[in-house]
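See below for the structure under consideration.
The values are calculated or read from the model by the stated rules, or taken from the named source; none is laboratory data. Everything numeric here is computed off the predicted structure, so don't read it as measured data. Reconstructed Cβ throughout: ideal geometry from the backbone, glycine too, with neighbour counts over all protein chains shown. With ligands, DNA and RNA removed, areas are computed over all heavy atoms of the protein, side chains included. Shrake-Rupley method; radii C 1.70, N 1.55, O 1.52, S 1.80 Å.
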Amino acid sequence: MTEASIAAQRIEQLRAELDGHNYRYYVLDEPSVPDAEYDRLFRELQALEAEHPQLVTPESPTQRVGGEALAAFGEVRHEVPMLSLGNAFEEEDLLAFDRSVQSGLGLAGDLFGGGVEVEYSCEPKLDGLAVSLRYENGQLVRGATRGDGSTGEDISSNVRTIRNVPLKLQGEGWPQVLEVRGEVFMPKSGFEELNVRQAESGGKTFANPRNAAAGSLRQLDPKITASRPLEFCCYGVGQVSGELPATQVGMLEQLKAWGIPISRELKLAKGVQACLDYYRDIGERRMGLPYDIDGVVFKVNTIEDQQQLGFRARTPHWAIAHKFPAQEELTELLDVEFQVGRTGAVTPVARLKPVKVAGVMVANATLHNMDEVARLGVMIGDTVIIRRAGDVIPQVMAVVPERRPADARDVQIPENCPVCGSHVERTQLVKRSKGKETFSEGSVYRCVGRLACGAQLKQAIIHFVSRRAMDIEGLGDKTIEQLVDEQLIASPA
Ligand code: JCF
């Protein structure tokens with residue numbers, strides 16, 4: 001055997017092994033080797049390919065780094081249109097959907113009772129972007145955005161950089177042409193890390209994972225896309241030559257066996273009450289999921305029934321999105337006030353035109369510090385995006401620049417403490433690293449009044465009596481505030 005054919009053999013072996021590890025890691029969620037071993041195999045493959053460039057193929061696991069930048073995206077016509085989903089906001093909307101499915105399938109009940117229970121597939125509704133991936137003879141040949149449902153953009157070079165998108169299908173028996181459809185999204189952890197990186201490098205930060213995913217996928221330079229933590233999750237198919245399993249869940253499980261990632265939360269529900277149980281369960285676990293969702297999707301499980309029910313305009317009669325209350329809303333920033341904390345730190349608080357977010361009225365939101373105000377570029381009078389996730393304090397996520405009124409005002413740190421009138425001083429935050437002093441970019445503003453400042457005094461005493469300090473029972477925050485306001489106490493002593 002020649003040197004080149006030995007290399008070719010080893011390259012094949014490495015690719016098969018790496019594809020297998022990727023499949024177990026991304027699709028089965030059962031990592032099979034430590035990262036270090038994966039990296040070793042990967043580097044060996046890279047080295048061999050560098051020595052034998054003629055052996056590099058587009059399906060090689062090394063080819064996810066992103067190729068040449070484009071001048072513009074090409075157009076892609078979807079042979080099978082990409083549908084969107086109708087929405088259910090209330091339980092009653094879902095019950096009405098189920099009744100219309102039953103009547104469409106001739107299963108409706110009569111005066112004396114309900115009809116036959118319909119089986120539905122259930123999955124979380126990911127907050128990302130819909131894409132279509134086309135496989136021919138088991139190889140990824142094209143990726144496209146949804147666009148208007150009939151025509152999208154060719155984002156092939158970008159989808160190839162998404163780690164859990166197989167460049168080549170696993171197993172056997174796949175149809176010659178297989179288009180899979182799903183959502184490209186950014187996990188919450190990757191989003192947080194990306195924003196930190198962006199802020200540090202002076203780049204643009206994103207308001208939420210969905211915007212970050214959209215901004216990352218619509219890059220003409222695939223190297224940028226490659227550097228972003230995107231993931232794909234399949235929920236259906238488009239054009240397919242040949243047969244697939246006869247149910248939604250069976251079909252998705254078959255796709256999973258071929259290496260296509262599907263939702264870990266995919267379930268089958270018998271009847272609409274089981275769908276409501278699923279909605280409640282996912283709603284309770286929403287905050288703990290590693291990605292943002294805005295509801296759950298129910299689909300009639302039997303494909304033949306889906307075809308019988310059909311679709312109108314772009315929404316199918318056999319599927320629906322049951323939405324959760326929105327976690328983000330728009331409202332107006334009426335004013336910014338400054339609060340003084342225990343250590344004298346003066347922090348900006350947003351006063352908002354009250355708005356209901358995730359079922360709760362919100363009139364205040366944290367702005368953290370003046371660096372955050374600068375990062376957001378927020379002005380008083382702006383329309384802002386407010387987010388309230390679970391029990392977390394509402395946050396100002398971003399400004400809507402198009403809605404800035406002519407009389408918007410800058411947010412200015414007061415020169416004097418709003419509580420005691422003492423001077424407010426700016427201090428640079430210092431980060432110590434390995435004994436060496438390094439100045440971080442952050443700064444805090446502090447009221448210099450110490451215990452002469454009512455706000456600091458109250459917080460100091462609250463801290464003093466607290467459980468982990470003197471643990472004085474029966475002396476609550478409200479009492480302390482009153483005692484200080486009435487000038488009955490002036491120090492912990
Ligand atoms: O997760 C989603 N955002 C999602 C979108 C899930 C689905 O099952 C979908 C979808 C859009 C259209 N199904 C269709 C038909």
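For this structure, a couple of remarks:
- Using a probe of 1.4 angstrom and keeping all protein chains present, the accessible surface of the chain works out to 52 square angstrom per residue.
- Potential lengthening between Asn364 and Ala71 on full extension [0.36 nm per residue; Cα-Cα distance subtracted]: 101.0 nm
- Evaluating 6.51 cos²θ - 1.76 cosθ + 1.60 at θ = phi - 60° for every residue in the stretch 86-100, the Karplus couplings come out as x, 10, 10, 9, 10, 3, 4, 5, 6, 5, 5, 4, 4, 5, 6 Hz, glycine and proline recorded as x.
- In this structure, the amide hydrogen of Gln239, modeled 1.01 Å from its nitrogen in the peptide plane, lies closer than 5 angstrom to those of Val80, Glu179, counting only residues at least 5 positions away or on a different chain.
- Partners for Lys458 among lysines (Cα-Cα distance below 30 Å; same-chain residues under 8 apart left out): Lys353, Lys431, Lys478
- Vicinal HN-Hα couplings computed from phi for the stretch 446-461 (Karplus, 6.51 cos²θ - 1.76 cosθ + 1.60; Hz; Gly/Pro x): 10, 7, 7, x, 6, 6, 6, 8, x, 5, 5, 4, 4, 5, 5, 6
- Estimated FRET transfer efficiency when R0 is 22 angstrom, pair Thr343-Asp371 (beta carbons, to 0.05): 0.80
- Listed cross-link partners Lys270/Lys299; Lys168/Lys188; Lys125/Lys356; Lys204/Lys323; Lys125/Lys188 are compared with a 19 Å cut-off, the Cα-Cα value being larger for Lys168/Lys188; Lys125/Lys356; Lys204/Lys323.
- For Thr331, distant residues with modelled amide H under 5 Å away: Val384, Ile386
- Separation of the Val80 and Val392 label points, Cα + 7 Å toward Cβ, nm: 3.7
- Measuring between their Cα centroids, the stretch 156-183 and the stretch 238-270 lie 14 Å from each other.
- Orphan Cys of the chain, criterion: no other Cys C-beta under 4.7 Å: Cys122, Cys233, Cys234, Cys275
- Residues Ser132, Ser157, sorted by accessible area with the largest first, give Ser157, Ser132 [1.4 Å probe; ligands and nucleic acids excluded].
- Taking only Cα atoms of the stretch 84-186, radius of gyration then Dmax in Å: 18.8, 58
- Spin-label pair Ala16/Asp39, simplified geometry with 7 Å Cα→Cβ offset, distance in nm: 2.7
- Across the stretch 487-493, computed HN-Hα scalar couplings (Karplus, 6.51 cos²θ - 1.76 cosθ + 1.60, θ = phi - 60°) run 6, 8, 10, 10, 6, x, 5 Hz from first to last residue, x flagging Gly and Pro.
- Between Gln307 and Asp277, the contour length at 0.36 nm per residue exceeds the Cα-Cα span by 8.2 nm.
- Gain in span if fully extended, Thr205 to Ser227, counting 0.36 nm per residue against the direct Cα distance: 6.4 nm
- Rounded percent of accessible protein surface that carbon and sulfur make up, the chain, 1.4 Å probe: 50
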